[in-house]
Amino acid sequence: MSINIGIEQWGSKIPAYSGALKKHTHKTKKHPTVLLYPADNAEIEAPIQYLLSQELSIPRNIKTIKPINSQSLAAVLNSEKDREDLINKIGQNKSLLEQIKPKMHGFSRISIIFYGIRNNITENEIQNALRETTAGINNP
């Protein structure tokens, strides 16, 4: 009772905790990111960031570059168009494409549950059948 009187005397309402929390939480917008890895079986003579700066003169649309590990980077861009442009520029540059493998970030892997498979079919046979079926599909 005394709490209600105190609230009425001040003439204001105390917001609920969830309302106050919503006010102060900022929804962070995820920026498009390209993961840059060394290409398979490539011997990189210089760090990826150096290769990018030499071959592409790092575009202004890259917001930040973050190291993932000793040889890989994550390039954070301003928009989806910028991400596509960077991947296209790397794809058009033969020397970069031989040394750098760009990957799109932000896709979740899809899970599949198979029912009614006979006991005599092995896991390898299932995987091979899936590979053959999805051979022409561009996987992320």
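The values are calculated or read from the model by the stated rules, or taken from the named source; none is laboratory data. The structure displayed is predicted, hence computed values, not measured ones. Note that each Cβ is placed from the backbone with ideal geometry, even for glycine, and that neighbours are counted across all protein chains shown.
Name every residue in segment 56-87 that is in contact with a Lys or Arg (Cβ under 7 Å, 6 or more places away or on another chain) and surrounded by fewer than 17 Cβ atoms within 10 Å (Cβ to Cβ), in order of residue number.
Within segment 56-87, 56, 74, 78 meet the criteria.
The rows are residues; the columns are (1) among the hydrophobic types (A, V, I, L, M, F, W, C); (2) within 14 Å of residue 35 (Cα to Cα); (3) at pLDDT 85 or above; (4) under 17 Å from the mean Cα position of the chain (by Cα).
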residue	(1), (2), (3), (4)
93	no, no, yes, no
110	yes, no, no, yes
113	yes, no, no, no
119	no, no, yes, no
127	no, no, yes, no
134	no, no, no, no
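Which number in (1) aromatic (Phe, Trp, Tyr); (2) more than 16 Å from residue 104 (Cβ to Cβ); (3) touching a helix residue (DSSP H, G or I) at 6+ places or on another chain (Cβ under 9 Å) marks the one condition that residue 37 misses?
Status for residue 37: all satisfied but (2).
Search segment 79-101 for residues that are at negative phi and pair each with any residue that is outside any helix (DSSP H, G or I) and among the charged types (D, E, K, R) when their beta-carbon atoms are under 7 Å apart and the residues are at least 6 apart or on different chains.
101/40
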